[in-house]
1. Could you pull the Rg and Dmax for the stretch 33-88, using just the Cα atoms, both in Å?
2. At what distance in nm do the modelled label points of T12 and A54 sit from each other, each positioned 7 Å from its Cα along Cα→Cβ?
3. Quick one: length gained pulling A30 to V42 fully straight, 0.36 nm per residue minus the C-alpha distance?
Amino acid sequence: MHLELAGRGGATEVAVERQAGCFELAGSWAELSAGDLLFLLVGFVIAFASAWLAVKGFIHLLSRATLRPFAWYRLALVPLILIFWPKD
């Protein structure tokens, strides 16, 4: 199923990866020790905190600046991609 959904967009791929990870975790739940659960918990907390800080920092950046340089960079990149992208 993952191969069928590949290339449809980031949100779909993230959802499929999350479901696959949960399915794998559920299948190996009996093999996990208390130390493994501690590593999972610490990893979850660190991932949550770093994502929160990244979003907070980006919102703060957008309150002081605009995305205009990023837009111009992307618009300048389009012709280069159209010229140099391999054509099958």
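A short reminder: the numbers here are calculations on the coordinates, not readings from a lab. Note that the structure is predicted; figures quoted are calculated from it, not measured. In this analysis, Cβ positions are derived from the backbone assuming ideal geometry, glycine residues included, and neighbour counts consider all displayed protein chains.
1. Rg, Dmax (Cα atoms, Å): 20.0, 55.
2. 2.3 nm
3. Roughly 2.4 nm would be gained on extension.
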